[in-house]
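Asks: Quick one: the structure is below, and I'll ask about it shortly.
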Amino acid sequence: MSADMLRNEPALVPLDAAEVYVLVDNVSDIGSSVPAGVTDEIPLLLKAGAKEFAGETLCCACWGLSLLVTGRTGDCVHSLLFDAGPEAYAIDRNVSRLGVDLGRVEAVVLSHGHTDHAGGLIAALHHITQENGGRPVPVYVNPGMFEHRGEYNADGSILPYKDVPNPAELRQAGAHVVNESGARLLLDDMFYLSGEIPRVTSYEKGVPGHLKQNADGSGWKPDPWIRDERFVAVNVRNKGLIVFSACSHAGIVNVLMHARELFDPVPIYGVMGGLHLAGRAGEKIISQTVEDLRAFDPKVIVPGHCTGWRATYALVDAFGDKVVVPSAVGRFHEF
């Protein structure tokens, strides 16, 4: 069966290893020690040709997320780009500084329709197609991502979000756009792209104050659930699932509950990405989220982007710094 066909019971191919470059994240941290399996930014910059320590040689941290995920099993190797950060500058700079060859990317997944994850997509596609000889690359989106969105300011006015690149713009940049809402297996069944994430918990209620514009442009309506959000998962042999959740608007407990239900009895080994526990609404559910994460017994948690320092502190307090490794731009993780 084709790797891109929809299935009711996903059968992920176990990987010998998964590797992740953090191309974009909110934080730069070149000073903290890192555990085995994580390479810090500076060694990667030196390997890519940096000759001195200078501001100009470092990666750029900014509000957003982009992960380059590579799966290996035997002689089979596939790479997927999960989101592309907020703008071209961060992608251009960080890919160049790290010496990353985006030409190996065989699929691109957009986690949801927010510009901090999609603003660098066109730049990423330019890198991919320039380095792969001009071949179109599949870009997986769904129709809900292309709403015009915004949020309430403190004074009740509306702050609109910049729209994500539309399918025509993506095609012009070299994408083969797959604009469908269902779950699927990708790249020889080595990656799972979820469908809509069920909202099950009583306390993970989306994003209060999040809006989308009416189709006729006449006004705005509440859009707290952000139902276009998706996650990606891989299965590493003798470890279990690693779940990549870019923003967790659905709630990270809901995300992991869905992943566990789909792939039982494969355990959840780790979770990486944004956990959306920053801000007033997110901070209110930190304690309940941390408590419920215990049931998954994760061996690795890599919180980044929209997790927030309070939630990261609570996770370290609950699970310890051998499990929780805060994400930072320019790092390389091996699972």
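Bear in mind these aren't lab numbers, they're just calculated from the coordinates by the rules spelled out. Since this is a predicted model, take the numbers as computed values, not measurements. Counting neighbours? That spans all protein chains shown, and the Cβs are built from the backbone with ideal geometry, glycine included.
Asks: Which links in K51/K299; K284/K322; K162/K239; K162/K322; K205/K299; K47/K322 stretch past 28 Å when you go from one Cα to the other?
Replies: From the list (K51/K299; K284/K322; K162/K239; K162/K322; K205/K299; K47/K322), the Cα-Cα distance tops 28 Å for K51/K299; K162/K239; K162/K322.
Asks: In Å and whole numbers, how far do the C-alpha atoms of the chain stretch along each principal axis, longest first?
Replies: Here the spans come out as 52, 49, 46 Å, largest first.
Asks: Using Cα-Cα distances under 8 Å and only pairs 6 or more residues apart, what relative contact order does the chain have, in percent? The partial results should precede the final answer.
Replies: Numbers: 800 pairs, mean separation 70.7, N = 335.
Relative contact order of the chain: 21 percent.
Asks: Which peptide among 128-140, 21-33 comes first, and what is the full order, when sorted by highest mean count of other Cβ atoms within 10 Å? Could the numbers behind the result be given before it?
Replies: Numbers: 128-140: 16.7, 21-33: 19.2.
Per-residue Cβ counts within 10 Å, averaged per peptide and sorted highest first, yield 21-33, 128-140.
Asks: While we're looking at this one, here's another question. Around R237, under 12 Å between beta carbons, what's the net of Lys plus Arg minus Asp minus Glu among the other residues?
Replies: +1
Asks: Which number comes out as Rg/Rh for the range 202-253 once both Rg and the Kirkwood Rh are worked out on C-alpha atoms?
Replies: On the way: Rg = 15.6 Å, Rh = 13.3 Å.
Ratio value, two decimals: 1.18.
Asks: Along each principal axis of its Cα atoms, how long is the range 9-141 end to end? Whole angstroms, biggest number first, please.
Replies: Cα extents, longest axis first: 47, 32, 28 Å.
Asks: Within 15 Å, Cβ to Cβ, of D163, how many net charges do the neighbouring residues add up to if Lys/Arg are +1 and Asp/Glu are -1?
Replies: -4
Asks: Using alpha carbon coordinates only, what is the Rg to Rh ratio of the range 82-140, with Rh defined as the Kirkwood radius?
Replies: Ratio value, two decimals: 0.94.
Asks: Grab the other residues whose beta carbon is less than 10 angstrom from that of F335, score K and R as +1, D and E as -1, and report the net.
Replies: Residues close to F335 contribute a combined charge of 0.
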